[in-house]
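Visitor: First the structure, which I've put down as C-alpha cells, then a few questions once you've had a look.
Read the figures in this text as sums done on the coordinates, not as results from a lab. Because the structure is a prediction, the values reported are computed rather than measured. Here the Cβ positions follow ideal geometry from the backbone for every residue, glycine too, while neighbour counts run over all protein chains shown.
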Amino acid sequence: MRLRLRLLTDKVFTSFSMLTLVFAGVFLLVFLGPIFIRGAGAFIFKGTVEHRKVIRDLFERSDGNSLAQEIAATNRARQQLYARLTSFENEMAENRDLRMEYKNDYEPFKESLRVLLGPLPGDPIVVTPRKQYGQTRWDRALVKYKEVMNTEEWDYSNPDSMGQKILVPRRSAFAGTSLERVFDEDLDKDNLKAMLRPRLTFYWRFLTDSPKDSYIFGGIWPALVGTFYLTIGAMLFAIPAGILAAIYLAEYAGETTLVSIVRSCISTLAGVPSIVFGLFGLAFFINTMHVSSSKSVLAGSLTLGLLVLPTIIRAAEEAIKSVPKTYKEAALGLGASKFRTILTVILPVALPGILTGIVISMGRAAGETAPIIFTAAVSAGVVLTPLEAFSNPTQALPWSIYNLCTEHEAVDEIRHVQYGMVLTLITIVLLLNAVAIILRAKVERKLRG
C-alpha cells in the first residue's frame, strides 16, 4: 500500500513538472515570438528606392549603375504626377477663386506627397535628412499612401458615444478639377510600386551602421558598442572582487556573528532596486570620488559592477562550498599550503558554478537601464574608443530602447528600430546564457576526465 502511494505521488509530481515545463515553453513562445518576428523587420524588409538612396548618400555604399537606372525609372513613373501638380498650380495662379477654394486642401495634400515620395520638383533644398527622402520601407510607404489618399475627420453624429474617426477620400475634395485624375491614374497602387520600386532587402548592417537623424536612418552600432563597454567594464571590476570575497567568506571567515551580518547584507544588496544603485553611483563615483567630471562609461561600469557583485559573491561562495572536503584534506595532507590548495584544487573544481554566476551577471549588466541613466547613458553620441570611455558617456541598448519608445518625436516611424534593439539585446542575453551552459558542461566533462 505504501509503495503504491509512493508510485502515485511520483507520477503526480512528474506530471506537474511536465505541465510546468510546457507552461514555461508556451509563455516564452508567446513572449519572445512577437519580439523575434517584429525585430526581424529591422534586418529583413521591403526597401524602396529611397532606402537605397539613403545608403548611397549617407553611408556611401551602393551599386552606382544599378541605382542610377532605378532612379531614372522612378523619375519616369513620377513624371506625369508632377506634371499634373504643376498644371493645377498654374491654374490656381491664374484663377483667384480656384486658388481660394482649394488652397487649404491642396497644401496638406502636397505635404503628404512629400512625406511619401520625398521633395517635389521646385521645392527648396532642405537640410534635415528625413525631409530629403521619401519612405524607405514599403510597409511605412503603404501607411503614408493611405494618408495621401484620405483625410481624417471625426463623426459626432451619435450623441451617446464619443467621436469616431473616419477616413474621407481626398479625391472628393478635388472633384471636377484636373487634379481628380491624379487619384484615379497616377496614385494607384501599381504606379506607387513603380514610383518606389520596393524589393526584399537584407540589412545586416543595421548592427554596424551609425544612426542618422535620430535613428530615422541607419543602425545601432554606437549603442551596441556602448553596451559592450559597460558590460565588460562591470565584469572587470565585479569578477575579481566577487571571487576574492567568496573565497574569504567560504574559507577564511568562519561562522561568527559579524560574518553572518555581512552575508545578510550581501543578500539584501542583491534585492535592492537597481535605481538605488544608479543614484548611489551618481553620488559616490561622480560627485564624491570624481572618477569623471560627469557621466562616463567608467562610472557606469563601476555602478553596474556593484549591482552584480552580490550575485557573483553568492554564486562563487556556493560553488566553493560544494567542493567535497576530501579534495581539500587530500591536498593539505600532501603538504600544500591553504592558499595553494584553494588556487589549484578548490577553484578549478568550483569553476563551473562560478562561471554560471559570472555569465548570468553579464546578462543582467547588459540589460540594466536604471543604473546607467545617471552615470553613463546618453541619447545620442558617437562610437567611443576604449581610452575615450574613461571620461565620456555613451549610448547603450537598454537606455536607447527606453528613450526611443517614450521620448522620440517620431515614435511610430521607428518601431522597427525599437524592436530591432530589443531583439539584439535579448539575443545577447540568450547567447550569454548559452555560453554559460556550454562552458559549464565542458569544464565538468574535463574534470570528470
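Visitor: Could you tell me the distance between the Cα centroids of the stretch 106-136 and the stretch 330-382, to the nearest Å?
Guide: Here the answer is 54 Å between Cα centres.
Visitor: In the stretch 221-448, with Lys and Arg counted as +1 and Asp and Glu as -1 at Cβ, which of these residues, ALA396, SER301, ALA441, has the Cα nearest the positive end of the dipole, that is, farthest along it?
Guide: Ranked along the dipole, the leading option is ALA441.
Visitor: Could you line up CYS405, CYS265 from fewest to most neighbouring Cβ atoms inside 10 Å?
Guide: Ordered from fewest to most neighbouring Cβ atoms within 10 Å, CYS405, CYS265 come out as CYS265, CYS405.
Visitor: Under unit Cβ charges (Lys, Arg +1; Asp, Glu -1), what dipole magnitude, rounded to 20 debye, does the stretch 221-448 have relative to its Cα centre?
Guide: 1060 debye
Visitor: Separate question: With an 8 Å Cα cut-off and a minimum separation of 6 or more residues, compute the relative contact order for the stretch 47-202 in percent.
Guide: After rounding, I find 34 percent.
Visitor: With unit charges on the beta carbons (Lys and Arg positive, Asp and Glu negative) and the dipole taken about the Cα centre of the stretch 47-202, which residue among SER62, ASN90, ASN75 sits farthest to the positive side?
Guide: SER62
Visitor: Now for a separate question. So how compact is the stretch 374-449: Cα radius of gyration and Dmax in angstrom?
Guide: 17.9, 59
Visitor: Then there is this: Would you tally the net charge around LEU439, using a Cβ to Cβ cut-off of less than 13 Å, leaving LEU439 out, and scoring K and R as +1, D and E as -1?
Guide: Overall, the nearby charge balance is +3.
Visitor: One quarter of the convex hull surface, Cα atoms only: what value does that give for the stretch 47-202 in nm²?
Guide: Taking a quarter of the hull surface, the average projection is 11.8 nm².
Visitor: What's the magnitude of the charge dipole for the stretch 47-202 around its Cα centre, counting Lys and Arg as +1 and Asp and Glu as -1 at the beta-carbon? Answer in Debye, nearest 20.
Guide: With only Lys, Arg, Asp and Glu charged at Cβ, the dipole is about 760 debye.
Visitor: Moving on. Out of all Cα-Cα pairs in the stretch 1-64, roughly what percent, to the nearest whole number, are more than 14 Å apart?
Guide: 76 percent
Visitor: Just from its helices, what would the mean residue ellipticity at 222 nm be for the chain, if runs of 4 or more DSSP H residues each count -39500 (n - 2.57) and the sum is divided by every residue, rounded to the nearest 500 deg cm²/dmol?
Guide: -21000 deg cm²/dmol
Visitor: Now for a different question. So if I place +1 on the C-beta of Lys and Arg and -1 on the C-beta of Asp and Glu, and nothing else carries charge, what would the dipole magnitude of the chain be about its Cα centre? I want it in debye, nearest 20.
Guide: In debye, rounded to 20, the chain gives about 2420.
Visitor: How would you rank THR14, THR74, THR369, going from fewest to most other Cβ atoms within 10 Å of each one's own Cβ?
Guide: Arranged by neighbour count, lowest to highest, THR14, THR74, THR369 become THR14, THR369, THR74.
Visitor: Return the single residue from SER172, SER210, SER294 with maximal mean-square fluctuation; model: Gaussian network over the chain, springs between Cα atoms under 10 Å.
Guide: With Cα springs under 10 Å in the chain, the top fluctuation among SER172, SER210, SER294 is at SER172.
Visitor: Next question. With the dipole of the stretch 47-202 worked out from charges on the C-beta (+1 for Lys and Arg, -1 for Asp and Glu) around the Cα centre, which of PRO124, ASN158, PHE183 lies farthest toward the positive end?
Guide: Value computed over the given set: PRO124.
Visitor: Continuing with the same structure: Just the ratio, please: alpha-carbon radius of gyration of the stretch 121-267 over 2.2 N^0.38 Å, N its number of residues.
Guide: Rounded to two decimals, the normalised Rg is 2.06.
Visitor: Now, a different point. What would the Debye formula give as log10 I(q)/I(0) at q = 0.13 Å⁻¹ for the alpha-carbon point model of the chain, no solvent?
Guide: -1.20
Visitor: Please identify every one of the GluC sites (Glu not before Pro) in the stretch 240-341 that sits in a loop by DSSP and has no more than 13 other beta carbons within 10 Å of its own beta carbon.
Guide: Passing both the DSSP loop test and the Cβ count: GLU255.
Visitor: So, one more: Between the stretch 238-316 and the stretch 187-230, how far is it from one alpha carbon centroid to the other, in angstrom?
Guide: Cα centres, the stretch 238-316 to the stretch 187-230: 39 Å.
Visitor: By its C-alpha gyration tensor, with a ≥ b ≥ c as the square roots of the eigenvalues, how is the stretch 274-411 shaped: rounded for a/c under 1.5, else prolate for a/b larger than b/c, else oblate?
Guide: Note, shape of the stretch 274-411 comes out prolate.
Visitor: Follow-up. Anything over 22 Å Cα to Cα? Flag those among LYS131/LYS212; LYS46/LYS193; LYS165/LYS212; LYS131/LYS165; LYS46/LYS189, in the order listed.
Guide: Distance filter (> 22 Å) returns LYS165/LYS212; LYS131/LYS165.
Visitor: Find out how many positive minus negative residues lie around ILE216, taking Lys and Arg as positive, Asp and Glu as negative, among other residues whose Cβ is under 9 Å from that of ILE216.
Guide: Result for the neighbourhood of ILE216: 0.
Visitor: Also, I was wondering about something else. Ranking ILE312, ILE55, ILE360, ILE44 by Cβ neighbours within 10 Å, fewest first, what do you get?
Guide: Fewest to most other Cβ atoms nearby, the residues stand as ILE44, ILE360, ILE55, ILE312.
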